[in-house]
Amino acid sequence: MPLRISLLLAIALSFALPVAAEVDGIQLDAYRQEFDALNTGQPEANRYRAGFYSGYLQGVLEALQGRSVCFKGCRCEIDDRVAQHLRDHPADRDHPAGPWLAKLLEDAYPCPR
């Protein structure tokens, strides 16, 4: 298949893909547990879910870094904060994770003014 046709096909298919739904606290916590299982060497850990969790947190952090969040340190600290937040605020489990995660990071790692 010529490169031009392949490129046009790829572009057309990209518009046909469904948009992913917002991640809620229940899903994020389930994926966090898989991330923890993978990091502790449990062979039954779901690598896809663990990777999704890691990528989701990294994406939110990168979107806010240097704007409203100034984080320097071990990402494991953020993992612990997310787990603690979900334990302390069970109502957030039923809501989209993006807004409360952004607030959690902004409150914990504010940029100096």
*asked:* Ranking request for peptides 78-88, 42-52, 24-34: highest mean number of other beta-carbon atoms within 10 Å first, then the rest in descending order.
replied: 24-34, 78-88, 42-52
*Using a Förster distance of 25 Å, the FRET efficiency for Asp80-Glu22 (Cβ separation, nearest 0.05)*: 0.60
*Find out how many positive minus negative residues lie around Ala50, taking Lys and Arg as positive, Asp and Glu as negative, among other residues whose Cβ is under 15 Å from that of Ala50.*
-1
_Tail weight of P(r) past 20 Å, computed on alpha-carbon pairs of segment 20-108, percent_ = 32
*Could you check the simple spin-label distance between Asp36 and Glu62, using points 7 Å along Cα→Cβ, in nm with one decimal?*
2.6
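Computed from the coordinates by the stated procedures, all read-outs in this text should not be read as laboratory data. The model shown is predicted, which means the values in this text are computed figures rather than measured ones. So basically every Cβ, Gly included, is an ideal-geometry build from the backbone, and we count neighbours across all protein chains shown.
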